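Down below is the structure, laid out as structure tokens.
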Amino acid sequence: MEKENDILKVAGKQNPFKVPEGYFESLTSNVMKRLEDPVERETPVVSMWMRVRPYVYLAAMFIGITCMIRVYTGLTSGVNNNSSVVEQATDEYLLSSVDTYTLYEYLESAE
Amino acid sequence: MEENQEKELIHQFDDPQTRRKAFEVVVNSFSEQLYWQIRRMVLSHEDTNDLLQNTFIKAWTNLDSFRGEARISTWLYRIAVNECITFLNKQKQMTGIPLDDVDASLLWMLEAPEEFSGDDLQKKLQKAILQLPDKQRLVFNMKYYQEMKYEEISDALGTSVGALKASYHYAVKKIEEFFANND
């Protein structure tokens with residue numbers, strides 16, 4: 001290229017930049033020192049407790065759920081008992097306002 | 001590096017026993033040319049050293065994802081180019097210079113004797129090159145100084161050969177104009 005020849009004639013391709021002495025000789029080793037090796041993962045030592053732990057947690061969970069269910073069913077049967085007490089009290093209240101003769105007539109007609 | 005040698009190295013990357021040694025060969029083979037590629041862009045030795053090391057660290061970290069679909073040199077060039085462009089954009093953002101603007105902020109590096117040892121003519125050429133936008137500067141350096149083929153530059157930058165030729169032609173024209181205007 002003619003224009004490139006003009007530049008070559010004028011300035012050439014000399015390298016005008018300075019480099020510290022010995023730089024290239026030590027460059028490769030300096031670069032390699034900065035390169036980290038991939039971390040090798042050691043196989044972790046698993047203790048007996050670590051192996052058994054998930055099963056223990058599962059068992060505890062089932063026991064807990066069972067207890068909760070029993071408590072809940074116990075409460076609900078208690079509620080049923082309470083309702084029969086209320087019903088009985090209501091009957092007693094109603095019956096307390098009825099005299100004996102009226103009650104006797106009722107019972108005779110119900111037979 | 002020959003293609004067969006590259007294929008063997010890529011194969012060695014897959015084996016944890018041989019991967020580090022294979023990568024060391026890569027570093028040894030490509031570090032100097034990558035260094036100059038970066039140095040011509042950022043001008044400072046210290047910055048170049050940092051960016052070069054970052055390039056290899058990134059390559060090492062992403063070694064698993066490299067399947068040999070490109071040449072090792074192309075792959076490394078791509079990483080290095082990204083590092084350079086990111087670095088230069090960051091510098092411009094810090095100094096408030098528009099991203100498309102020229103790297104005039106790097107001009108002072110040409111006056112630092114610990115960085116630059118060229119004569120006035122060399123300094124003038126470097127100043128002319130600094131007037132170019134970053135990507136055009138990259139293309140010029142790769143073609144003019146490293147004498148890479150357009151196809152190799154195309155692989156590294158992901159730009160078509162036609163666009164690269166136009167970019168290089170325009171870069172040369174701008175450098176010529178700079179010389180003409182700064183006699």
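Things worth noting here:
- Our helix-only sum for chain B, with -39,500 (n - 2.57) per DSSP H run of n ≥ 4 divided by its residues, gives a mean residue ellipticity at 222 nm of -22000 deg cm²/dmol.
- Inter-chain Cβ neighbour count for A:25-31, averaged per residue, equals 6 (cutoff 10 Å, partner chain atoms only).
- Among the listed pairs B:K92/B:K174; B:K135/B:K173; B:K90/B:K124, those beyond 19 Å (Cα-Cα): B:K92/B:K174; B:K90/B:K124
- Whether segment B:3-181 is rounded, prolate or oblate, judged on the alpha carbon gyration tensor where a/c under 1.5 counts as rounded: prolate
- Helix B:3-13 vs. chain B, principal-axis angle (Cα, 0 to 90°, nearest 10): 60
- Ordered by the count of other Cβ atoms within 10 Å of each Cβ, fewest first, B:I57, B:I10, A:I65, B:I72 give A:I65, B:I57, B:I10, B:I72.
- The mean number of partner chain beta-carbon atoms within 10 angstrom of a residue's beta-carbon across peptide B:120-130 is 3.
- Neighbour cut-off at most 15 other Cβ (10 Å), DSSP loop, trypsin sites (Lys or Arg not before Pro), segment B:28-75: B:R67
Since every read-out is calculated from the coordinates, none of them should be taken as a lab result. Here the structure is a predicted model, which is why all the values come from computation and not from measurement. Here Cβ is always computed from backbone atoms with ideal geometry, including for glycine, and neighbour counts include all displayed protein chains.
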